[in-house]
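The values are calculated or read from the model by the stated rules, or taken from the named source; none is laboratory data. Nothing here was measured: the structure is a model prediction, and the numbers come from that model. Using ideal geometry, Cβ is built from the backbone for each residue, glycine included, and neighbour counts are taken over all protein chains shown. The protein model used for the area step is the full one, side chains on, heavy atoms only, and it has no ligands, DNA or RNA in it. Shrake-Rupley method; radii C 1.70, N 1.55, O 1.52, S 1.80 Å.
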Amino acid sequence: MIKLMIIDDHPMFRSGLKKMLHDEPDFAVVDEAGDWADGLARLRSHADLDIVLLDINLPARSGFDLLEAIQAELPELKVIMLSMYSQQQYALRALRAGAHGYVAKDMEAADLIGAVRLVAKGQKYMTPAVTEMLISSLHGPDDNPGEQKKLSIRESQIFDMLVRGESLTMIAAKLSISVKTVSTYRSRILEKRGVSSNAELIQYAVRNKLID
């Protein structure tokens, strides 16, 4: 039996995912959480957990922050990162940070189930596109420093929200930070991307295939 936990801040998504996983005879979803703090507390209470499905975009602190804590405290626990955002933006970062797989939330159910089973066997899960990106990255400087230095993890989160048309107020509410803080991040993002408005930021994202 593969014992799983889901950490995602959307209750309806957790519910649907839990139902789908429960339909598999060799899966058992033993717990769930909606944020960083509750997630870590619950993870600490499950000594026999096999895999955690971890959303990148959690409120207050990101899934990457929780992944780092898991690496430090529960190094044997396998982590599959979930995201609604493009593979180009986060997949390699997730794998290099210690995740065992990266799954887009719009992936087919059969592919997600296959990813869980593969990771449970001790293997890494990568889509063909992510594998190609990983191979390409090996031909250049490690981790593409010039690009990675442009945006921090939090800046990348807010970048994704901005290019999808979310307002500063909406972003602040989702991340549990002030509108002023979001505005400061937005200014940094615009500067680092070399643009002067949200419209230009969206054009940048489309041009670099960072948004559908």
- Net charge dipole size for the chain [Lys, Arg +1 and Asp, Glu -1 on Cβ; Debye, nearest 20]: 620
- the chain, helix-only ellipticity at 222 nm - DSSP H runs n ≥ 4, -39,500 (n - 2.57), divided by all residues, nearest 500: -15500 deg cm²/dmol
- Message: Please compare each pair in Lys19/Lys124; Lys124/Lys180; Lys19/Lys180; Lys18/Lys209; Lys18/Lys180; Lys121/Lys209 to a cut-off of 28 Å on the Cα-Cα distance and tell me which ones are over it.
- Response: Lys124/Lys180; Lys19/Lys180; Lys18/Lys209; Lys18/Lys180; Lys121/Lys209
- Carbon and sulfur atoms: what percent of the 1.4 Å accessible area of the chain do they account for? 53
- Of the GluC sites (Glu not before Pro) in the stretch 1-84, which ones lie in a loop per DSSP and count no more than 11 other C-beta atoms within 10 Å? Glu76
- Item | Accessible surface, the chain, averaged per residue in Å² (probe 1.4 Å) | 50
- Note on the structure: Fraction of alpha-carbon pairs in the stretch 1-103 farther than 18 Å apart, rounded to whole percent, equals 42
- Message: Using each residue's phi in the stretch 36-50, evaluate 6.51 cos²θ - 1.76 cosθ + 1.60 at θ = phi - 60° and report the 3J(HN,Hα) Karplus result to the nearest Hz, with x for Gly and Pro.
- Response: 4, 5, 5, x, 5, 4, 6, 4, 5, 8, 10, 6, 9, 6, 9
- Item | Cα-Cα separations in the chain greater than 33 Å, expressed as whole percent | 15
- Item | Square roots of five times the Cα gyration tensor eigenvalues for the stretch 148-212, Å | 18, 13, 11
- Task: For helix 128-137, report the angle its Cα long axis makes with the longest principal axis of the Cα atoms of the chain; keep it between 0 and 90° and round to the nearest 10°.
- Result: 60
